[in-house]
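First up is the structure itself, then whatever we jot down about it.
The values are calculated or read from the model by the stated rules, or taken from the named source; none is laboratory data. None of the values given here were measured: they were computed from a predicted structure. Using ideal geometry, Cβ is built from the backbone for each residue, glycine included, and neighbour counts are taken over all protein chains shown.
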């Protein structure tokens, strides 16, 4: 029997984005070592920069509601250039998976399993991930976003309360006392490493039901929740650790190490470690899933499941050869990655959006009368504000009149708010 | 072994193909074949009919054929067939035989209008409300075997079945699996009609449907699909109907047979079909848009689709006040977590992460474990297995002996094992807590026992990391399950039915039916109206004026 509805609910998707960003709170050492006590300002800067970025992503997705990132690239750039970019993205996703995998294994090894070989940890972890990718599609992956986000927020708030006695708010001083160049560098790191990595979610947006207001609030909401969590974590770490924060590779872990509840429950950080493992599982599995489906689309496989173990094995291998040790990884996280990743995360989407605009492939929201040539009409219904179409609506060269189309979009938005996703197609076919 | 398996598979496919072609072939010449020897119609000679039935049923002692003569002058031979023990003797004598033999009427004499004889009996003579004209001899056999009395008359090519069902049955008692402190105490019984009537009495709405079918080639068990038309998702109802009608099995002795054939994930540790023994629970589930499957001979009514959170909701949650009910529900989640993960956590702590235990407790545990020979994992395994053995023994033994088992279990396993130095006292406490909290959610007891073992193995191999992996794997598995097209584990994701998942909100707060199960008629009431103690408040809102008021008898 069919699952209840194919589309993923927009709010679920938002929490998936939030959870993805939250899971990066571990990696604060990349930029904390640069800006020290001012790092919390950097997070706010990054949030401001992410607003236009989220808008770019949202516009890009809404312009092609039935396509994912690869579909968009191939439509905009054509077969060969688009294919080349797709290949680059597959590589990008793959490297991200490997990097996060090795991050996780290093983390587990350094915190709870000091004597276990690294490969055992990555292997078991990736096996669990592979199972998740195998049995679950997007719907399953998204489902845990809310649960994990809430658990993470609860834990962060709890640790803040527990470490209140250790906090010294003078640690924030002096504010804005460093060179401006450092702020720019750190902001770049924050934007590229946790926040703009959500470009991986563009691979799945064609299965998301965004609701009335489109994708922008969803993406921005996800970023905001994740950002607030990271902000809380950083501020807690700064107040507890002070200037020494730049010395540690895992600052939040050091903070929690100092927490103890009435002398009996010391070592709270292990609990935190488990939560982080769960969050990183979410992140790695998403990356893994996106890598697999992007490789499937790039290599034109019928079934993505055949690629799971192959890509998993390569990811484990490459995770061991990418960097010789954690220090090099950290170094490149500060100096190389922030210069390379923006190509994929910011420049390419922006350029794609601009080119698509100039080629007349996008449509403005809620207006339907300007471009009625066949290429745009095929997407006309799709650009309506609800943005929740069945994929079957793409190829039909239907030429709806303006009023009809608007009534259709109205119908859809109504149907989108009520729970009946099954009615969608029917209403649409009636109205168009 | 592989060849065996392969052979079976080939056999299965060829059977499916051939049965498909057979059906196609058989469809065309059906009208001519109707009068074949396998399924003959009732003949107008009484003795031939009786001989056929006698041959069909063999010389069984409980099948009675009462021969007598009809009419004013006793000119027309007839026979009444029934199975002794399945019928009510009073009905046979007072409603069938007495009117036939005592009333003054003439039997139509000619053979041409033999049908009229039966019609006359049905319309004018018999004092029964449930009669049915039969045309085939196989129907006659099926009728008497299911507890009807069948009247055959000389010169009539039809039979008349009169319902006279009346066999020994258990009364409606309090169910033992789901006892409550507050709330209705009646439970389903093994009797099919009693069960359907119990449901009808809970939901008097005309849109309650009871679709009846017969399953099992040998047992011919009555099965009934019950749902609320206009509330239940028609796709789910259709799915249940299809899965049940696809069944081609020999026997159905309990609802468990059906469950195993229709469930979504046969190899999962989680059940995807629910069951209940209480009519009020079944009614509540039907009102939420689920489908109930009532099986003849089983006091358990299956409900589908089942959600994970549903097993944490008990009937009593809705009968007691919401704050306490919510607390109990949270407690159940915690108990589930304890029951699955506590042995694993204990093993991981004592084997890998000793530094996590507070120092004083660590010293206590260390001194308790000093004399024990086994590693923590084996200790836990021994304790768990001995507990499961004791539980199983206590379950199957007759009550008086059961006490002995509990004494032996408590004294020997608990006390003696510790004092003999086989297991440490902390381990006994851990396992005791684990198993006791396992009983809080009886529906998940089986899944918990299995999960506990898996977690222990992972904890022994990889410590806390292993437990973490186990937890994640559990989430993955839960997420991949679905029950009749409804996602099994969704109660913890946002935006759907949160008012009745982790906590139980007040009843007046829950204005909508659960969105994932019911698809139409979602609104229970339009606005949520808190109870208003002011005397001016209109009190007529909740009372429906449609339909007759039940007299409550």
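Listed here are the residues, each with its yes/no results for (1) at negative phi; (2) surrounded by 14 or more Cβ atoms within 10 Å (Cβ to Cβ); (3) out of contact with any strand residue (DSSP E or B) (no Cβ under 8 Å at 6 or more places or on another chain); (4) without any contact (Cβ under 8 Å) to a residue 40 or more places away in the chain.
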{"position": "B:209", "(1), (2), (3), (4)": "yes, yes, no, yes"}
{"position": "B:212", "(1), (2), (3), (4)": "yes, no, no, yes"}
{"position": "B:218", "(1), (2), (3), (4)": "yes, no, yes, yes"}
{"position": "B:223", "(1), (2), (3), (4)": "yes, yes, no, no"}
{"position": "B:229", "(1), (2), (3), (4)": "yes, yes, no, yes"}
{"position": "B:233", "(1), (2), (3), (4)": "yes, yes, no, no"}
{"position": "B:236", "(1), (2), (3), (4)": "yes, yes, no, no"}
{"position": "B:240", "(1), (2), (3), (4)": "yes, yes, no, no"}
{"position": "B:247", "(1), (2), (3), (4)": "yes, yes, no, yes"}
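In segment B:438-470, how many residues are within 14 Å of another protein chain (Cβ to nearest Cβ) and farther than 17 Å from residue B:379 by Cα? Within segment B:438-470, residues that are within 14 Å of another protein chain (Cβ to nearest Cβ) and farther than 17 Å from residue B:379 by Cα number 8. Is segment B:332-350 home to any residue that is buried (at least 19 other Cβ atoms within 10 Å of the Cβ), farther than 26 Å from residue B:440 by Cβ and within 14 Å of another protein chain (Cβ to nearest Cβ)? Checked against the condition, which is being buried (at least 19 other Cβ atoms within 10 Å of the Cβ), farther than 26 Å from residue B:440 by Cβ and within 14 Å of another protein chain (Cβ to nearest Cβ), segment B:332-350 yields no hits at all. Annotation: residue B:409 fulfils all but one of (1) touching a helix residue (DSSP H, G or I) at 6+ places or on another chain (Cβ under 7 Å); (2) within 14 Å of chain A (Cβ to nearest Cβ); (3) free of Cβ contacts under 8 Å to residues at least 24 places away in the same chain; the unmet one is (2). Taking the listed residues A:82, A:71, A:78, the one that is surrounded by fewer than 21 Cβ atoms within 10 Å (Cβ to Cβ), touching a residue at least 40 places away in the same chain (Cβ under 8 Å) and assigned by TED's automatic domain parsing to the domain that holds residue A:187 is A:71, with no other qualifying. Reported count of residues in segment A:106-140, each being in contact with a helix residue (DSSP H, G or I) (Cβ under 7 Å, 6 or more places away or on another chain) and more than 8 Å from chain B (Cβ to nearest Cβ), is 13. Examine segment A:137-149 for a residue that is without any contact (Cβ under 8 Å) to a residue 24 or more places away in the chain, outside any helix (DSSP H, G or I) and either in the same structural domain as residue A:252 (by TED's automatic domain parsing) or more than 24 Å from residue B:351 (Cα to Cα) (or both), and state whether such a residue exists. Yes, the conditions are met somewhere in segment A:137-149.
So that you can scan it fast, the table gives a plain yes or no per residue for (1) more than 24 Å from the chain's Cα centre (by Cα); (2) at pLDDT below 85; (3) not in a helix (DSSP H, G or I):
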{"residue": "A:267", "(1), (2), (3)": "yes, yes, yes"}
{"residue": "A:271", "(1), (2), (3)": "yes, yes, no"}
{"residue": "A:283", "(1), (2), (3)": "no, no, no"}
{"residue": "A:289", "(1), (2), (3)": "no, no, no"}
{"residue": "A:296", "(1), (2), (3)": "no, no, no"}
{"residue": "A:302", "(1), (2), (3)": "yes, yes, yes"}
{"residue": "A:312", "(1), (2), (3)": "no, no, no"}
{"residue": "A:345", "(1), (2), (3)": "no, no, no"}
{"residue": "A:353", "(1), (2), (3)": "no, no, no"}
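Taking (1) closer than 23 Å to residue B:240 by Cβ; (2) within 10 Å of another protein chain (Cβ to nearest Cβ); (3) in contact (Cβ under 8 Å) with a residue 40 or more places away in the chain in turn, residue B:513 satisfies each apart from (2). For residue B:53, the conditions (1) without any contact (Cβ under 8 Å) to a residue 12 or more places away in the chain; (2) within 40 Å of the chain's Cα centre (by Cα) all hold with the exception of (1).
Restricting the search to helices (runs of 4 or more DSSP H) fully inside segment A:1-90 and requiring at least 2 residues that are within 14 Å of chain B (Cβ to nearest Cβ) and under 30 Å from residue A:327 (Cβ atoms) gives an empty result.
Annotation: residue B:332 fulfils all but one of (1) within 21 Å of residue B:471 (Cβ to Cβ); (2) at pLDDT below 90; (3) in contact with a helix residue (DSSP H, G or I) (Cβ under 8 Å, 6 or more places away or on another chain); the unmet one is (2).
Regarding residue B:90, is this residue in a helix (DSSP H, G or I) and loosely packed, with under 13 Cβ neighbours inside 10 Å? Spelling it out, residue B:90 is indeed in a helix (DSSP H, G or I) and loosely packed, with under 13 Cβ neighbours inside 10 Å.
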